[in-house]
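Colleague: Dropping a structure here in structure tokens format, bear with me for questions.
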Amino acid sequence: MSLPLQNLDGLTPESADLFVRLLGQNQRRVFLYVMSLVPNANDAEEVIQETNLVLWREFGKFQPGTNFAAWACKVAFHQVLAWRKRRQRDRLEFSPAFLEAVAGEAESAADALDERSQALAGCIDKLPPAQRDLLRLRYSESLSIDAVAGKVDRSVEAVYRALSRIRHTLHECVSTTLTRETGS
């Protein structure tokens with residue numbers, strides 16, 4: 001027997017859709033934030049699962065239009081603290097003050113990484129198709145330089161040089177884009 005969606009924790013179908021959309025857009029960022037505080041991936045997954053449950057239960061308190069990622073990271077921070085209490089028998093323990101400092105740095109770094117990632121995506125889009133193909137083969141498909149050279153019918157040295165030029169071009173483009181956006 002399934003319950004109607006609107007009876008599930010008092011959420012309407014529309015607010016449940018909004019929750020799923022916001023969580024999907026921000027799940028990686030929240031996970032990376034938790035990973036900065038809980039270095040073991042399995043433990044981080046456990047904290048993320050608990051965080052997602054709390055986010056779902058408390059979504060009625062979230063103000064649409066505000067920063068969902070910041071709210072989710074704050075909930076995650078409290079879940080990390082709760083997880084730490086349960087794991088006090090571990091030898092290596094960090095103080096709450098240390099965790100708060102790392103959490104603040106992780107949040108700042110996540111914003112900067114988001115900006116760099118968006119700038120990089122825009123710069124990659126500006127590359128000619130042949131250069132994008134080289135990047136795709138090397139980094140998306142994780143092919144070795146030898147395998148890339150075979151696929152594009154070029155020498156290994158030529159592929160090394162081409163990738164080096166592409167990386168340099170992307171670095172310049174990202175730097176220029178970020179400088180233009182910050183106005184500095």
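Colleague: Has the range 127-134 got any residue that is surrounded by 12 or more Cβ atoms within 10 Å (Cβ to Cβ), of a type in the set (A, V, I, L, M, F, W, C) and either under 30 Å from Glu14 (Cα atoms) or under 21 Å from the mean Cα position of the chain (by Cα) (or both)?
Modeller: no
Colleague: Counting only residues that are under 21 Å from Ser117 (Cα atoms), give me the helices (runs of 4 or more DSSP H) lying completely in the range 128-184 with at least 2 of them.
Modeller: Fully inside the range 128-184 and qualifying: 129-135, 156-182.
Colleague: Looking at Asp90, Asp114, can you tell me which residue is at pLDDT below 90, acidic (Asp, Glu) and not in a helix (DSSP H, G or I)?
Modeller: Values: Asp114 fails: not in a helix (DSSP H, G or I).
Only one candidate passes the filter, namely Asp90.
Colleague: Follow-up. Quick check on my filter: what residues within the range 102-126 are over 20 Å from Phe31 (Cβ atoms) and more than 16 Å from the chain's Cα centre (by Cα)?
Modeller: Across the range 102-126, the qualifying residues are Gly122, Cys123, Ile124, Asp125, Lys126.
Colleague: Does Thr177 satisfy being on the phi < 0 side of the Ramachandran plot, surrounded by 14 or more Cβ atoms within 10 Å (Cβ to Cβ) and either out of contact with any Ser or Thr (no Cβ under 8 Å at 6 or more places or on another chain) or not β-branched (Val, Ile, Thr) (or both)?
Modeller: In short, yes.
Colleague: I'd like the residue in the range 18-59 that is assigned to a loop (DSSP other than H, G, I, E, B) and out of contact with any helix residue (DSSP H, G or I) (no Cβ under 7 Å at 6 or more places or on another chain) and, out of all such residues, is farthest from Phe94 (Cα to Cα).
Modeller: Filtering the range 18-59 for residues that are assigned to a loop (DSSP other than H, G, I, E, B) and out of contact with any helix residue (DSSP H, G or I) (no Cβ under 7 Å at 6 or more places or on another chain), the one farthest from Phe94 (Cα to Cα) comes out as Asn40.
Colleague: Further question on the same structure: Would you pick out the residues in the range 33-47 that are in contact (Cβ under 8 Å) with a residue 24 or more places away in the chain and surrounded by 20 or more Cβ atoms within 10 Å (Cβ to Cβ)?
Modeller: Those that are in contact (Cβ under 8 Å) with a residue 24 or more places away in the chain and surrounded by 20 or more Cβ atoms within 10 Å (Cβ to Cβ): Tyr33, Val34, Leu37, Val38, Val47.
The values are calculated or read from the model by the stated rules, or taken from the named source; none is laboratory data. Everything quoted here is computed from the prediction, not taken from an experiment. Ideal geometry is used to build each Cβ from the backbone, glycine not excepted, and the neighbour counts take in all protein chains shown.
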